[in-house]
Amino acid sequence: MIPGIGLGHLIQRRWRERGWIFTLGELAAFGLMTAAAGESDLDQDLVSAMAIVGWGSYLGLRVWEVADSVTGPTRHNRGSARPA
């Protein structure tokens, strides 16, 4: 759970189920934050909005990822999880 980007789901062999969402989503959010940090030509309100959306998306995905890493294996092992 600590490294993120879907690695916990990969270790649990559930990456195709939901891990790919966290991999792509967290990388996109991090990319948005990086773009905002390196941008000096745009309006500062837009840069601030990019940073806030990036951080908010990243944090939201991390919370969802941790919760799914904890509760997901039980659902997966019961067979009640949606097929990948």
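The values are calculated or read from the model by the stated rules, or taken from the named source; none is laboratory data. It should be emphasised that the depicted structure is a prediction, and the values quoted were computed from it without experimental measurement. For neighbour counting, all protein chains shown are included, and Cβ atoms are generated from backbone atoms with ideal geometry for every residue, glycine included.
Before moving on, here are some points about what is shown:
- Enumeration of residues in region 1-33 that are modelled with pLDDT of 90 or more and over 15 Å from G56 (Cβ atoms): L24, L27
- Residue match in region 10-28 (condition: out of contact with any Pro (no Cβ under 6 Å at 6 or more places or on another chain) and at positive phi): yes
- Residue pairs meeting the criteria (Cβ under 9 Å; at least 6 apart or on separate chains; first under 19 Å from G6 (Cα atoms), in region 28-57; second surrounded by 13 or more Cβ atoms within 10 Å (Cβ to Cβ) and modelled with pLDDT under 85): F30/I5
- Pairs, first touching a residue at least 24 places away in the same chain (Cβ under 8 Å) in region 61-73, second of a type in the set (S, T, N, Q) and outside any helix (DSSP H, G or I), C-beta under 6 Å, six or more apart: P73/Q12
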